[in-house]
Amino acid sequence: MSETPGSPAISVVLPTTSDFASIATTVRYLRRQTIARRIELVIVAMARPDLVPDASACEGFHAVQVVHTGRRSHGHACAAGVRAARADVVVFAEDHCFPEPAWAEALLSAYVSPGIAAVGPVFRNANPATTVSWCDFVIGYGPWIDPDAAGDQPFLAGHNSSYRRDVLLALGDGLAGSLESETVLHLALRSEGRRLVLEPRARAAHTNFGRFAVWLPVQYHCGRVFASERARRWGRPRRLFYAAASPLIPCVRLLRAARQLRGSPEQRPSLLRLLPVLMLGLVADGLGQMIGYAAGGGGSAGHLTAYEFRRVDFVPESDRRLWQEAGARG
Amino acid sequence: MADPRVPSLGIVLATDRYDTIRPVIHRLRRQTIRDRLEIVLVGEAPLAGELDAAELDGFARVHVEVVGSIDPIGPARAAGVRAVRAPLVFIGETHTYADPQWAENLVKAHEGPWAGVVPGFGNANPVNALSWSLLLLDYGQWLHLMPSRESDIAPTHNGAFRRQVLLDLGADLDHALHQGDRLTVLLRSAKRRMYFEPAARIDHLNVARWKPWLRERYLSGRLLGGRRAERWSWPRRLVYLLGSPLIPVLLVMRLRPVLAVARRAGLLPRGTLAALFTAGVVSAVGEMVSYLLGPSADAEPRMTEYELHKVRYAAPRPARG
């Protein structure tokens with residue numbers, strides 16, 4: 001695999017369950033980074049032992065390596081990528097999240113402050129045409145769509161944040177589980193006194209689920225995985241208490257979503273337009289959390305892994321241009 | 001006068017082993033019309049070699065219908081129905097125990113214009129509130145103390161039907177005998193009428209341990225919701241998803257007359273209402289998950305374990321120490 005002497009400044013861990021073409025668009029965006037030559041690209045091949053990166057598409061990086069994990073969960077794949085990475089800072093990437101050119105440089109620059117364990121980017125909606133996409137975006141990335149919210153945060157975006165690699169490696173065998181639901185990891189890091197910082201100069205466009213029949217079950221599975229990870233060390237009384245209180249979750253989250261939509265300068269749909277679908281998504285999430293607290297994660301992590309990749313399959317036809325346009329420009 | 005060579009009532013029992021349904025056979029041997037009963041056991045190939053000839057003596061006919069698998073149990077029961085020769089067929093279970101006059105009263109009730117007859121249910125293990133809650137939720141409307149009347153619902157098991165009515169469902173019969181409300185929907189659309197006859201009493205064994213009780217209730221909701229989700233549009237699923245939190249309240253409201261009768265008879269232990277409501281909540285959660293996700297591939301086999309071997313979960317766990 002290609003390699004430049006010295007150490008990379010940042011390792012981008014990019015998992016896929018498919019072939020190289022499935023991540024080619026994201027790789028094109030990574031090549032446009034201002035510090036592309038200091039980036040190590042770690043491709044985690046979860047299902048294709050024959051995955052070979054397109055050499056010309058990967059030119060310009062500090063190094064590129066492929067890690068084969070076999071069919072395991074998203075958390076296991078990311079953990080394998082972290083262990084293989086060589087830079088002091090690792091950042092997770094997705095086949096459907098496209099970083100702006102200054103993204104990596106901005107993330108890296110934030111680590112100059114002391115005590116920082118993780119730095120996250122801010123997001124814009126890459127496919128804003130549908131209500132479902134907006135609801136997915138608000139539920140999944142609501143706290144990080146407002147660039148004014150820079151600085152220390154209680155938690156950062158999952159699947160797209162950067163970390164000091166030694167902080168992740170210190171989790172040992174618990175790393176894969178922690179990466180299944182990063183919010184739980186972030187809350188734990190905060191409780192240890194570590195800092196999580198939002199860097200508004202690091203921007204990425206996130207492509208959200210655009211098909212209702214896929215998005216709604218995903219909300220359930222996300223809620224269930226989150227709750228089961230959060231409650232992993234809890235006693236039964238506490239788990240049952242949280243399960244019983246779960247019907248309140250949609251209401252609490254709806255209030256938060258309303259605040260996030262209101263406080264943004266970007267053109268966004270009104271809460272009233274999103275409300276019916278948003279409420280359904282939050283109910284699904286609350287239901288998943290209820291089951292997660294009461295009975296654990298079940299097969300939800302596996303289901304999520306199936307939905308997490310090849311987002312191009314889960315958006316309307318009109319949104320598929322995102323991948324094609326990037327190809328034309330690249 | 002009925003032809004003595006043709007059995008009056010066929011009883012379909014899907015089972016994994018003969019031992020599993022031995023207690024049911026013992027009760028059937030005590031029936032006043034035993035010589036007019038046809039026993040159709042449905043199971044995998046080894047079942048035929050396990051029969052106890054002495055125990056099965058005296059029935060009008062005994063037949064083993066061999067199927068590839070009894071999981072899922074709906075198609076297995078449907079195979080049993082097709083193998084029955086009697087004009088009436090009862091879909092039995094491994095854990096329901098008939099009173100001696102049960103079959104006679106069931107056959108007599110079919111003299112009316114009914115497509116099927118639901119018996120009156122008693123509790124075979126009235127050991128605690130958990131057991132009572134499940135009996136009331138699943139069979140409360142047909143509690144043996146309630147007055148006879150026309151029934152809106154056709155139970156997928158523990159109901160008797162005119163065999164031809166079931167056969168008229170054709171290929172739908174396999175799905176109709178799954179857990180859920182498919183049978184009721186199909187019979188209603190065919191304008192078939194059901195009758196509840198409390199004099200035909202049968203006692204039902206119920207799960208009485210906490211963990212299996214929770215799991216069984218969740219699975220029952222999951223299966224019911226899953227069957228509906230399979231055939232419903234998204235808008236309808238969403239209406240039911242959002243309406244599901246009302247289910248426990250509606251269930252308790254609907255059972256109020258039954259609860260009053262059972263309470264007056266001194267049947268219900270303390271905590272039954274709380275258990276009933278909790279079971280309703282758990283079942284509603286299962287339904288909600290199914291409206292969201294659709295049917296679950298592993299719910300049916302997990303439920304089949306409870307269906308076949310309820311006796312394992314029917315006694316409260318003894319206190320430690």
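The values are calculated or read from the model by the stated rules, or taken from the named source; none is laboratory data. From a predicted model like this one, the values you see are computed outputs, not experimental measurements. Because the Cβ atoms are built from the backbone with ideal geometry, glycine has one as well, and the counts that use them run over all protein chains shown. Areas reflect the complete protein model, heavy atoms only, side chains present, ligands, DNA and RNA absent. Shrake-Rupley method; radii C 1.70, N 1.55, O 1.52, S 1.80 Å.
So the values come out like this:
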quantity: Within segment B:263-273, considering residues that are in a helix (DSSP H, G or I) and open to solvent by 10 Å² or more (accessible area, probe 1.4 Å), the one nearest to the other protein chains (Cβ to nearest Cβ); calculated: B:L273
quantity: Filtered residues of segment B:274-303 (kept if facing chain A (nearest Cβ under 10 Å) and within 24 Å of B:N128 (Cβ to Cβ)); calculated: B:V281, B:V282, B:V285, B:G286
quantity: Checking A:H221 against (1) open to solvent by 60 Å² or more (accessible area, probe 1.4 Å); (2) within 14 Å of chain B (Cβ to nearest Cβ); (3) more than 10 Å from A:Y293 (Cα to Cα), the condition it does not meet; calculated: (1)
quantity: The one condition in (1) closer than 23 Å to A:S270 by Cα; (2) touching a strand residue (DSSP E or B) at 6+ places or on another chain (Cβ under 8 Å) that A:Q153 fails to fulfil; calculated: (1)
quantity: Residues that are within 23 Å of B:D99 (Cα to Cα) and of a type outside the set (D, E, K, R), drawn from segment B:52-79; calculated: B:A53, B:A54, B:L56, B:G58, B:F59, B:A60, B:V62, B:H63
quantity: Only one of A:L278, A:L261, A:L274 that is more than 24 Å from A:G75 (Cα to Cα), surrounded by 15 or more Cβ atoms within 10 Å (Cβ to Cβ) and modelled with pLDDT under 90; calculated: A:L261
quantity: Check on A:L51, of a type outside the set (G, A, S) and open to solvent by less than 10 Å² (accessible area, probe 1.4 Å); calculated: no
quantity: Only one of B:E44, B:E38, B:E55 that is more than 22 Å from B:V117 (Cβ to Cβ) and open to solvent by less than 60 Å² (accessible area, probe 1.4 Å); calculated: B:E55
quantity: Test result for A:V184, more than 24 Å from B:G294 (Cβ to Cβ) and either part of a helix (DSSP H, G or I) or within 14 Å of another protein chain (Cβ to nearest Cβ) (or both); calculated: yes
quantity: Single condition A:P276 does not satisfy, out of (1) within 12 Å of chain B (Cβ to nearest Cβ); (2) in contact with a helix residue (DSSP H, G or I) (Cβ under 7 Å, 6 or more places away or on another chain); calculated: (2)
quantity: In segment A:1-55, residue farthest from A:H159 (Cα to Cα) [restricted to those that are touching a His at 6+ places or on another chain (Cβ under 7 Å) and basic (K, R)]; calculated: A:R37
quantity: Pair list, Cβ < 8 Å and 6+ apart or interchain, from segment B:161-177 residues that are closer than 19 Å to B:E111 by Cβ to residues that are open to solvent by 50 Å² or more (accessible area, probe 1.4 Å) and not small (G, A, S); calculated: B:R162/B:P87; B:R163/B:P87; B:Q164/B:P87; B:V165/B:R192
quantity: Restricting segment B:274-306 to residues that are outside any helix (DSSP H, G or I) and in contact (Cβ under 8 Å) with a residue 60 or more places away in the chain, the residue that is most open to solvent (accessible area, probe 1.4 Å); calculated: B:P295
quantity: Flag for B:Y306 being touching a helix residue (DSSP H, G or I) at 6+ places or on another chain (Cβ under 6 Å) and within 14 Å of chain A (Cβ to nearest Cβ); calculated: no
